[in-house]
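Right, one structure below, let's go through it.
The values are calculated or read from the model by the stated rules, or taken from the named source; none is laboratory data. Just so it is clear, the structure is predicted and the values come from calculations on it, not from any experiment. Every residue, glycine as well, gets a Cβ built from its backbone with ideal geometry; the counts of neighbours run over all protein chains shown.
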Amino acid sequence: MKNTVNVLLIALFITAMAAGCGGDKKGRGAVRSDVQEAAQKTYVAPGDLDEYYFFASGGHSGQVYIYGVPSMRHLSTIPVFAPYAATGYGFDKESKAMLGGFTWGDVHHPALSETDGDYDGRWLFVNDNANNRLARIDLRDFKTKQILGPIPNISGNHGSTFVTENSEYILSASRFSIPLPKGRVEKIEEYATKYNGVVCAVKVDPKSGDMSVGWQILMPPFNYDLGDAGKGPSNGWAFWTCYNSERAIGKLEVTSTQKDRDYIAAVNWKKVEEALAAGKAKMVDGVKMLDPKTAEGIVYLLPIAKSPHGVDVTPDGKYIVGSGKLQSITTVFSIEKILTAVEKKDFTGNEDGIPVLNYNSVKEAEINVGLGPLHTQFDDKGFAYTSLFVESAVAKWKLGTWEVVDKVPVAYNIGHLCAAEGDTKSPDGKYLVALNKLSHGRHLSVGPSQPEASQLIDIGGEKMSVLYDAFTEPEPHNAQMIKADKLHPIEVYPKEDNKDPKAIWDVKDAKVVRNGKNVEVFMVLVRSSFEPNKIEVNKGDKVTIHMTNIEQTTDELHGLGILEYNINVVVDPGETKTIEFTADKPGVYAYYCTNFCSALHQEMQGYMLVK
Amino acid sequence: MQHYIEKANLFFEIPIDMRSRLIIILAAAMLLPSFFTPLWKMTLYSNQFPDGLILNIYTYKLEGRKTPNQDDLKEINSLNHYIGMRPLIDTDFTEFKWIPFVIGGTILLALRVIVLGKMSKLVDLFVMFTYFGIFSLWSFYYKMYIYGHELDPTAAIKVPPFTPPMFGHQTMANFEVYCYPSTGSYFISAMPVLLLAAMWFSRKAWLAGRK
């Protein structure tokens, strides 16, 4: 009797679930029975913390977005290449100088700094595809600390920022070949002979993280696309895919897809260092440039099916995985075989003096993963995950047996994918985020300008399953996922660490100093007042305000916005910032605290009198 | 009456035996932790501060708990300024000058008892130290009273004058305030107990010797 009741109850439950499914947008929702499990896996209760940081590039927004995994909540935005009024970035003297007059950048590939091939949690490097720059974010305070560039001779810094095993170098490359050095014009019809691509290594100071251009290699006018640095047995090598080995111009969609094969450029950077030491470099626009014609053994080309995109080195460093948009196979090369082919000079030709290795000698496997494979990430159990753009899916395959074992559809048109520490020597497995290019209205409609869709996928089990849809700011290209306990951020700048000579820590030291037409204001920001709360200047004066937020408590930020002067800065606890402007508009202008601070936040205000 | 005075005089003459002298050394040692551990601890909890703001009061300084992201004393002062309370700063507390001095003096007096070895000196030490303890407690209470009553009349938020709790819990605006003696005080309060023990042992030894 009891059993009958149970069976009846279960039957009722299933009926209810099925009825629930009926209300779904057809074909789009997950199967109901999986929903509870997915919800539990992604739910981070109020007050609880996520397990991973997820740093997503912000594409042409120029910024970096931080999400928590598994909740996929957007936690914060790090402004990098574009002014960001929310934190006052690009308004104060220092960040304005760092931006160097540019108001946007195109962030594609963030890279966390590494020690022994593992994330060390020190810095995040990002590239600017548009203005050929690199930036370093310090993960102690999540702030952009350095912008390097525009890098000489680099045009379209897309194949960047991938770091070597101990962050000796950050990779950089030209996506759009140009006549070198910059500033010169050659006829576009002479592209094949007078234009050049460049691959480049940017040096990182191991203590300060300070970046400087290391060296460059003059390359044939191909389009250098994506890169990765070797590790373990392949440490000392750097790889870049390149499309348009046709050296074509015009409508590349057609002209650059005529040959069956393009290349992966493999650079032996240990040999590069030897060649530099032997004095083989020439200076081009202030940078040491090596020409493969005169510096032998620094670079080789691996043939790969046409229009390749991603290249990724396996965690053990033994294999190099290349995939291309127009293929259905992913090609695996063996570093051991590459080294043998190099030694035996097993070449099938050359491009401007760069040897082309024999494809059949260096290839380890061709894997039929699916349509439009792009990028590959790895887990802790010896599996690889390749994104399939055309197919809108992720393929899971086994390293060694080279067999596809699982596939999961994603919505829609996945570009990069990012597994937990999935490009290091010791990936974590567990989570994978599919960075999809199109969301196609899988969310409440927000009009024609649609967000991107990032989907969290559970890769802990045998079968992959999509757990969560997040809609991310434009436009996450690549991302990095790092275990939260590897980062140790500060939330307050300790007073004793503030070395700004213009900092003041007592309201008694607040003052306005006039020197001819220069007015210098030393200001204190503290709950809930500005000191001074009155600034008198004359029209045309050059005004400099040094603001110190003397708070020493988490989240006690203060902002200073000046009405109609297009100025807003936010000063963190213990920080000093400086703004400079010319008081060119006469009148009385209020300034006020823009970052809500306390019960008397509204009262935190002052007046600037411009006579 | 005469009998009691004579008895008391006799008591004051009792020599301090070896075991009691060791106990007095131990008693004096009880004062040493006060040079590096707090006497009192005040914790203020609120919604925004689930881990509390912690203020430790030493014999010679005030110290808020300091984490990389917060200096609790600075935060308490930042919040108190809204109700017009004077900032808590070391230089406003004369106690921080004389308390360590008196404690040092007490240790010297304890050594004096050990050297001279007479009950009268031990009684002196006990009485003086008890007086010092009670006076210090009153002084602490009075300071709390003053800080809670002499509020700036121009303060943004007007609150009725108050005295923060010295022992136990009190609700103040959005804060739950807990205040209790801390490590240093527990050691200090062991001192008079040990002194009484020394008296008792010395008397017991003396009585035993008379039989």
**Message:** Based on this model, can you work out whether residue B:107 counts as more than 10 Å from chain A (Cβ to nearest Cβ), under 30 Å from residue B:27 (Cβ atoms) and out of contact with any Asp or Glu (no Cβ under 9 Å at 6 or more places or on another chain)?
**Reply:** yes
**Request:** Sort out which residues of region B:72-104 are more than 12 Å from chain A (Cβ to nearest Cβ) and of a type in the set (A, V, I, L, M), and write them in order of number.
**Result:** B:85, B:88, B:89, B:99, B:102, B:103
**Message:** Yes or no: region A:262-281 includes at least one residue that is modelled with pLDDT under 95, farther than 25 Å from residue A:183 by Cβ and crowded, with 16+ Cβ neighbours inside 10 Å.
**Reply:** yes
**Message:** Here is a list: B:110, B:173, B:156. Which entry is exposed (fewer than 15 other Cβ atoms within 10 Å of the Cβ), in contact with a helix residue (DSSP H, G or I) (Cβ under 6 Å, 6 or more places away or on another chain) and hydrophobic (A, V, I, L, M, F, W, C)?
**Reply:** B:156
**Complete:** Apart from one, (1) buried (at least 24 other Cβ atoms within 10 Å of the Cβ); (2) over 24 Å from residue A:41 (Cα atoms) all hold for residue A:413; the odd one out is (1)
**Asked** assigned by TED's automatic domain parsing to the domain that holds residue A:270, buried (at least 23 other Cβ atoms within 10 Å of the Cβ) and farther than 26 Å from residue A:350 by Cβ, is that true of residue A:231?
**Response** yes
**Message:** Residue under question is residue A:378, and the condition is that it be touching a residue at least 60 places away in the same chain (Cβ under 8 Å) and on the phi < 0 side of the Ramachandran plot; does it hold?
**Reply:** yes
**Message:** Could you list, ordered by first residue, the pairs with Cβ atoms under 6 Å in which the first is in region A:514-532 and more than 16 Å from residue A:500 (Cβ to Cβ) and more than 13 Å from chain B (Cβ to nearest Cβ) and the second is assigned to a loop (DSSP other than H, G, I, E, B) and not small (Gly, Ala, Ser), at least 6 apart or interchain?
**Reply:** A:517/A:541; A:519/A:541
**Complete:** Residue hits (region A:437-456; hydrophobic (A, V, I, L, M, F, W, C) and within 21 Å of residue A:42 (Cα to Cα)) are A:444, A:453, A:456
**Request:** State all residues of region A:476-511 that are out of contact with any Leu (no Cβ under 9 Å at 6 or more places or on another chain), part of a loop (DSSP other than H, G, I, E, B), over 16 Å from residue A:526 (Cβ atoms) and away from every other protein chain (no Cβ under 14 Å); if no residue qualifies, say none.
**Result:** A:499, A:500, A:501, A:502
**Prompt:** Among (1) more than 14 Å from chain A (Cβ to nearest Cβ); (2) surrounded by fewer than 16 Cβ atoms within 10 Å (Cβ to Cβ), where does residue B:62 come up short?
**Reply:** (2)
**Prompt:** Is one or more of the residues making up region A:40-60 out of contact with any strand residue (DSSP E or B) (no Cβ under 6 Å at 6 or more places or on another chain), under 24 Å from residue A:561 (Cβ atoms), in a loop (DSSP other than H, G, I, E, B) and in contact (Cβ under 8 Å) with a residue 12 or more places away in the chain?
**Reply:** no
**Request:** Among the candidates A:177, A:95, A:167, single out the residue that is in contact with a Ser or Thr (Cβ under 6 Å, 6 or more places away or on another chain) and among the hydroxyl-bearing types (Ser, Thr, Tyr).
**Result:** A:167
**Message:** Every residue in region A:533-574 that is assigned to a strand (DSSP E or B), away from chain B (no Cβ under 14 Å) and over 20 Å from residue A:96 (Cβ atoms), please.
**Reply:** A:534, A:535, A:536, A:537
**Item:** Verdict on residue B:197 being touching a residue at least 60 places away in the same chain (Cβ under 8 Å) and farther than 30 Å from residue B:47 by Cα
**Value:** yes
**Request:** Go through region A:73-102 and count every residue that is of a type in the set (A, V, I, L, M, F, W, C), surrounded by fewer than 18 Cβ atoms within 10 Å (Cβ to Cβ) and free of Cβ contacts under 8 Å to residues at least 40 places away in the same chain.
**Result:** 2
**Request:** Any chance you could count how many residues in region A:93-109 are among the aromatic types (Phe, Trp, Tyr) and either under 15 Å from the mean Cα position of the chain (by Cα) or outside the structural domain of residue A:80 (by TED's automatic domain parsing) (or both)?
**Result:** 1
**Request:** Please state which one of A:439, A:449, A:426 is in the same structural domain as residue A:235 (by TED's automatic domain parsing), surrounded by 16 or more Cβ atoms within 10 Å (Cβ to Cβ), assigned to a loop (DSSP other than H, G, I, E, B) and among the hydroxyl-bearing types (Ser, Thr, Tyr).
**Result:** A:439
**From the options A:348, A:386, residue that is buried (at least 20 other Cβ atoms within 10 Å of the Cβ), touching a strand residue (DSSP E or B) at 6+ places or on another chain (Cβ under 8 Å), in a strand (DSSP E or B) and assigned by TED's automatic domain parsing to the domain that holds residue A:462** = A:386
